[in-house]
Structure formats: C-alpha cells, structure tokens
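These notes concern the structure reproduced below.
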Amino acid sequence: MPLDKSEYVSSIWKDDIFKDKVVFCTGGNGSICSAQVRALVHLGANACIVGRNVEKTEGMAKDIATARPGSKVLGLGAVDVRSMESLEKAVATCIKELGRIDFCIAGAAGNFLAPMAQLSANAFKTVIDIDLIGSYNCAKACLPHLIAAAKEFPTAKTTTPSGRIIFISATLHYGGTPLQTHAVAAKAGVDALSSQVCIEYGPLGVTSNVISPGPIGGTEGMDRLAKKVQPGKEPWKTIPSGRWGGVKDISDATVYLFSDAANYVNGEVLVVDGGAWRTAQTGRDFQYPDFLIQGGGVEGVGGMKKAKGDSKL
Ligand code: COA
C-alpha cells in the first residue's frame, strides 16, 4: 500500500540525497526495515530487499517502489540469511540488476518470548543463527561491494558518500531482559560484530554502525513480544518520551547515518527508543513520570528526605 511520506520519513531531508545509490537490505519486508528502505528510495536510492517469504518480499518491493516514480526496487524471496550461499546469490543478483551496493542494512531477525527453561538448544541456536550469523553473512557478502563503492566515492571529496553498513540491534542486553536469553545473546553479538567491522574496514572507507530501536508501535515485533495494552496500564508511561516509537523514527536515524552528515560516525550505537532502556527498571509503583511532571517527591520509602529540623540521627 503506498504510504504518505509523513508516515516513513521527515520532510527535512533533500529529495535526491541518495540519487544513484543502491541499498541492500535483509529483513526488508518487515515493518521497520521496509520503512528504512522506503525512506532511502524516496530520497533517490534504488534497493534490493531479501526475505524468506517470496510473495511477501516481492509484494513489499513493489509497494516500496511507489515511494518514488522511476525507482527500481528488487524483492528477492526464498533468501535465508542463515545460508551464506543464499545471500551471496542475492548479492550477485543485486549487482547484476542494479549495478552496485553503496549501503547495507542487516536487519533480518527472529524472536519470540520464552523462559530459558523452555528454550531448547535448537531454539536458542535458531535465533543466534538468524540474528547474529545472519548479520555476519550479510556483512560478509556485501563488504566487497561496499569497499568498492567507498573507493569510488571518497567521503572527503563528495557529498554523496558510499560504503556504509547499519546493523539493526536492540537494547535488550543492556540490563538484561526476562524471556529473551536467545535475543539478548544474539544482539550483544551483533553490537560486537559492528564494532569489529568498524575497526577492520574503517581504513578501507567503510563505516559500520548499529541502530537499536526501542518498542516501535504497529510492528510485527511488538505483536509478537508485547501484551495487548490494558486500559489504565499504558506501558509507554515508563518511556521518558512518553510514547511508542514509530517506524519513521528509525528511518530518520538511517538517513542520518547514510548521509553526508554522519561521515565521521563509525563504530557507534544509535539507540532510538525515546530513552526507554534507561527507565526499563523503573518501578511502576512510582508511576513514572507523573510524580516528576507534577513536581512531587518520592514517598513511601525508608530513605525519604527529612524535613528541616527533623533530625533523628
Ligand atoms: N517458544 C519456544 N521455542 C520456540 C518458539 C517459542 N515461541 N518458537 C519456536 N521455537 C523453537 C522451536 O520449537 C524449534 O526448536 P525445537 O527444534 O527444539 O523444537 C526452534 O525454535 C526453531 O523453530 P522453527 O519454527 O523450526 O524455526 P524457523 O526457522 O521456522 O523460525 C523463528 C524461526 C522461531 C525465530 C520464528 O519465530 C520466525 O520465523 N520468526 C521470524 C519473524 C520474527 O520473529 N519477527 C520478529 C522480529 S522482532
């Protein structure tokens, strides 16, 4: 379904900043990655998205192409990021059809909620294979083309940089998350992988960064991982920005990292979560942020501030 631009990218970016660029994206038929690619296509890029489901991936590619008349968007289905061979074939098709790869988004992920006690070794391995090994395979298959593109467009001399990779991670592993042992381990690995790409490929002109989305409303991830909202128990009230994120928040971060504005940003983790992970452990008993907005203090705990003159040492 064609989307209004305001749903997937801000109006502050120049329309043709990614003219003649090509982005390769795994997980491109998902809610977040499709919005990222749609934003880049709107701003001039052509794209190749890959996914396991043929119909869904081909349909999403056609849909993304509506973001800019004349754009080329390939949708390659039956591609499993767990298979290096499958990804290498997809990258070869992208090069044959679109000529180059300037940007890569390693976005494919799989997740579900399960306590470790109910997580079989194969279930754990499945998520590691999709999220971590899949990200590695994606980077490995794209890097020769990113290096070639970076050489062709040295960032110091042009406002159209190339040779950039973004890994989609999460904030789950910062403090730990129950029912997410598999994803926590995988995403910690993804963050480390991105740092390594920065360190070893930075000298060749490539930048590697992570975007870690917080809870993004209306996505498959939220359908799978969050309970339905109960009246009076709005979970976004624990988020400093006071709302779920939108896919546009992630697209804008993507445009920034691939743009000329982020030439010296390398090996960084850009958390786009409204501050959510910082209050993830906040006790609901404090009804954050109400007591802050209303100017109240902390009540009902032993260590309260004493009134002046009230010295019970
Ligand atoms: N709880 C516990 N174990 C689960 C599970 C759940 N909810 N869902 C799957 N598993 C286990 C399976 O039982 C199997 O283990 P076993 O062989 O010991 O029984 C293992 O995980 C692999 O499952 P399978 O369905 O064969 O793997 P798959 O490759 O077809 O699917 C998943 C991969 C499990 C990650 C699936 O959820 C998926 O395809 N997700 C893609 C989309 C997605 O997750 N999007 C959200 C992104 S945030």
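Some notes on this structure:
- Legend: residue pairs K5/K62; K125/K187; K5/K227; K56/K89; K14/K140; K89/K248, Cα-Cα distance threshold 21 Å; pairs beyond threshold, K5/K227; K14/K140; K89/K248.
- Region 63-209 - charge dipole about Cα centre, Lys and Arg +1 at Cβ, Asp and Glu -1, debye rounded to 20: 280
- Relative contact order computed over the chain (Cα-Cα under 8 Å; 6+ residues apart), in percent: 17
- Of the three principal axes defined by the Cα atoms of region 1-56, the extents in descending order read 33, 23, 15 Å.
- Candidates P240, P115, P231, ranked by Gaussian network fluctuation over the chain, Cα under 10 Å, top entry: P231
- DSSP H segments from the chain that extend 15 Å or more along their own axis, Cα-based, with Kyte-Doolittle mean of 0.0 or above: 31-42, 84-98, 134-152, 181-201, 247-258
- Nearest-20 debye value, the chain charge dipole, Cβ charges on Lys, Arg, Asp, Glu: 440
- GNM result for the chain, Cα springs below 10 Å: residue of N46, N29, N263 fluctuating most strongly: N263
- Projecting the Cα atoms of I293, G134, V206 onto the charge dipole of the chain, computed from C-beta unit charges around the Cα centre, puts I293 farthest toward the positive end.
- Total charge dipole magnitude, region 166-313, about the Cα centre, Cβ charges on Lys, Arg, Asp, Glu only, Debye to nearest 20: 760
- With all pairs of separate Cα atoms included, the chain yields a Kirkwood hydrodynamic radius of 20.6 Å.
- In nm, spacing of pseudo-spin labels at E55 and Y256 (7 Å Cα→C-beta vector): 3.9
- Average silhouette area of region 1-110, convex hull of alpha-carbon atoms, in square nanometres: 6.3
- For q = 0.13, 0.19 Å⁻¹, Debye-computed log10 I/I(0) when each Cα of region 94-243 counts as one equal scatterer: -0.70, -1.12
- Any cysteine of the chain lacking a neighbouring Cys Cβ under 4.7 Å - listed by number: C25, C33, C138, C198
Read the figures in this text as sums done on the coordinates, not as results from a lab. Predicted model, so just to flag it, every value in this text is computed and none were measured. Positions of Cβ are generated from backbone atoms using ideal geometry, with glycine treated the same way; all protein chains shown enter the neighbour counts.
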